[in-house]
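The values are calculated or read from the model by the stated rules, or taken from the named source; none is laboratory data. Keep in mind the model is a prediction, meaning the values are calculated, not measured. Note that each Cβ is placed from the backbone with ideal geometry, even for glycine, and that neighbours are counted across all protein chains shown. What goes into the accessible areas is simple: the full protein's heavy atoms, side chains included, and nothing from ligands, DNA or RNA. Shrake-Rupley method; radii C 1.70, N 1.55, O 1.52, S 1.80 Å.
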Amino acid sequence: MKLVRKDLEKDNAGQVTLIPEEPEDMWHTYNLLQVGDSLRASTIRKVQTESSTGSVGSNRIRTTLTLCVETIDFDSQACQLRVKGTNIQENEYVKMGAYHTIELEPNRQFTLAKKQWDSVVLERIEQACDPAWNADVAAVVMQEGLAHVCLVTPSMTLTRAKVEVNIPRKRKGNCSQHDRALERFYEQVVQAIQRHINFEVVKCVLVASPGFVREQFCDYMFQQAVKTDNKLLLENRSKFLQVHSSSGHKYALKEALCDPAVTSRLSDTKAAGEVKALDDFYKMLQHEPDRAFYGLKHVEKANEAMAIDTLLISDELFRHQDVATRARYVKLVDSVRENMGTVRIFSSLHVSGEQLGQLTGVAAILRFPVAELSDQEDESSSEED
């Protein structure tokens, strides 16, 4: 993301002009936008024209519109963002108050104005414009007959390919059908890796599976690479890292990211930090439940006692339509930071973020036990999330 201009007043009202440069930036833009904001960008509008003879025709004209945002629609797989709203600035082609939909896309500038830029939104802009946040990881999570090829970016886990092949069971004295199907499966996974993984960007490719599937697959892949002189795979052999997972399903990726060998290799990526924080929370919940809280009311009370060491919060909560509810989450984040606590904002598109979402989207690891709170009935505000 490129920051073109930032004009903020003392009361944090103002506007920011940005240029998204890659698909990941569209996810950041989606998190910046809120209903009621004003968005200015170039767009195409179908305009009816009447000639001197009275015949009516229509032309598609590129114009710049300023909309008051009403609905925001994000397609995570295609990384497309559609924003619908009413025109709030004079335009020769579009009447004031007329509805229009702007499609935001990479490399097209837009200006976003808000009445209040809070700390969470400003931090997201800082992260999006910092190239060091784009330390990408790829993963192949597999079991016999099923594989998911995923890209793990700082903000989301994208499934790029799903490979399913029916593998017949081994029969006594005859394994040829099983072996042929397995080879066909491996070949399809190799093709998916070559098609969807950009080795110039990706620092590490995790190959995760139960049993010996990952070893057998990697042996097959590099044997074939030597036979066919596949320079792409051979030159990037050192980037492949084999780890254990319980299955070939996407959710098993969290286990792979928890592996100590992986966390040391990916120590500079946000995804690994999120997974470790969630893992620490679950361990604390198991061994010292008085130091692990979840649900907004419990976490707020722990914060009042200045007990929060690490706050885990989903970015989904900051997209809440109700301004007061959103402000409540922002206040919690600011307060934890003021009390020298660590705040980890999880992406709801990451596997770890999805799991945190099942725990109401907000959890905390405490510095010291706050026993009197844990005895209260959990009043997690799931209806507010």
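Please compute the modelled spin-label separation between GLU22 and GLN89, points set 7 Å along Cα→Cβ, answer in nm with one decimal.
It works out to 3.0 nm between the two label points.
At 1.4 Å probe size, put MET284, MET221 in order of accessible surface, largest to smallest.
If we order MET284, MET221 from most to least accessible, we get MET284, MET221.
Could you give the size of the charge dipole of the range 2-129 about its Cα centre, using +1 on the Cβ of each K and R and -1 on the Cβ of each D and E, expressed in debye and rounded to the nearest 20?
Dipole of the range 2-129, to the nearest 20 debye: 420 debye.
For the range 271-376, give the magnitude of the charge dipole about the Cα centre (Cβ charges: +1 Lys/Arg, -1 Asp/Glu; no others), in debye to the nearest 20.
Once rounded to the nearest 20, the dipole reads 180 debye.
At what distance in angstrom do the alpha carbon centres of the range 7-62 and the range 301-370 lie from each other?
Here the two parts' Cα centres lie 32 Å apart.
Rounded to the nearest 5, what % of the DSSP beta bridges within the chain are antiparallel ones?
80
Of HIS100, SER38, ALA139, whose Cα points farthest to the positive end of the dipole of the range 1-157 (charges on the beta-carbon: +1 Lys, Arg; -1 Asp, Glu; origin at the Cα centre)?
HIS100
Calculated from DSSP H runs of 4 or more alone, at -39500 (n - 2.57) each and per residue, what is the 222 nm mean residue ellipticity of the chain, nearest 500?
Counting only the DSSP helices, I get -10000 deg cm²/dmol.
Could you work out the Rg to Rh ratio of the chain, with Rh taken as the Kirkwood radius (inverse of the mean 1/r over all Cα pairs)?
That ratio equals 1.05.
So for the chain, taking the charge dipole from beta-carbon charges (+1 Lys/Arg, -1 Asp/Glu), which of THR342, SER52, ALA272 sits furthest toward the positive end?
Farthest along the dipole direction, towards plus: SER52.
Leaving ligands and nucleic acids out of the surface, order ILE193, ILE72, ILE44 by accessible area at 1.4 Å, largest first.
Descending accessible area places them as ILE44, ILE72, ILE193.
Hey, what's the per residue convex hull volume over the C-alpha atoms of the range 2-129, in cubic angstrom?
With only Cα atoms used, the range 2-129 gives 113 Å³ per residue.
All other residues with a Cβ under 14 Å from the Cβ of ILE61 taken together, and with Lys, Arg as +1 and Asp, Glu as -1, what is their net charge?
+3
To the nearest 20 Debye, how big is the dipole of the chain about its Cα centre, given +1 on the beta carbon of each Lys and Arg and -1 on that of each Asp and Glu?
1500
Each residue of the range 59-75 in turn: what ³J(HN,Hα) in whole Hz from Karplus with 6.51, -1.76, 1.60 and θ = phi - 60°, glycine and Pro shown as x?
After applying 6.51 cos²θ - 1.76 cosθ + 1.60, I find 10, 9, 10, 7, 9, 9, 10, 10, 10, 8, 5, 10, 9, 10, 10, 10, 9 Hz.
Tell me the relative contact order for the chain as a rounded percent, counting alpha carbon contacts under 8 Å between residues six or more apart.
Across the chain, relative contact order equals 13 percent.
How would GLU70, GLU235 rank on accessible area, largest to smallest, probe 1.4 Å?
Per-residue accessible area, sorted high to low, gives GLU235, GLU70.
Taking R0 as 30 Å, what's the FRET efficiency between LYS250 and LYS6 from their Cβ-Cβ distance, rounded to 0.05?
0.20
With both partners inside the range 136-268, how many of the DSSP beta bridges are antiparallel, as a percent to the nearest 5?
Expressed as a percentage, antiparallel bridges in the range 136-268 total about 60.
Carbon and sulfur atoms: what percent of the 1.4 Å accessible area of the range 136-268 do they account for?
Looking at the range 136-268 in its full context, I get 46 percent from C and S.
Per the 1.4 Å probe, what fraction of the accessible area of the range 271-376, in percent, lies on carbon and sulfur atoms?
Solvent-exposed carbon and sulfur of the range 271-376 make up 50 percent of the total.
May I ask you to list, by number, the DSSP H helices of the chain whose Cα span along the axis is at least 27 Å and whose average Kyte-Doolittle hydropathy reaches 0.5 or more?
none
Provide the net charge surrounding GLY341, with neighbours chosen by a C-beta distance below 11 Å and charges set as Lys +1, Arg +1, Asp -1, Glu -1.
0
Over the chain, average the accessible area per residue using a 1.4 Å probe and give it in Å², no decimals.
In whole numbers, the chain has 50 Å² accessible per residue.
If N is the number of residues in the range 271-376, what value comes out of its Cα radius of gyration divided by 2.2 N^0.38 Å?
Normalised by 2.2 N^0.38 Å, the Cα Rg of the range 271-376 equals 0.98.
Report Rg/Rh for the range 177-298, rounded to two decimals, where Rg is the Cα radius of gyration and Rh the Kirkwood radius.
1.08
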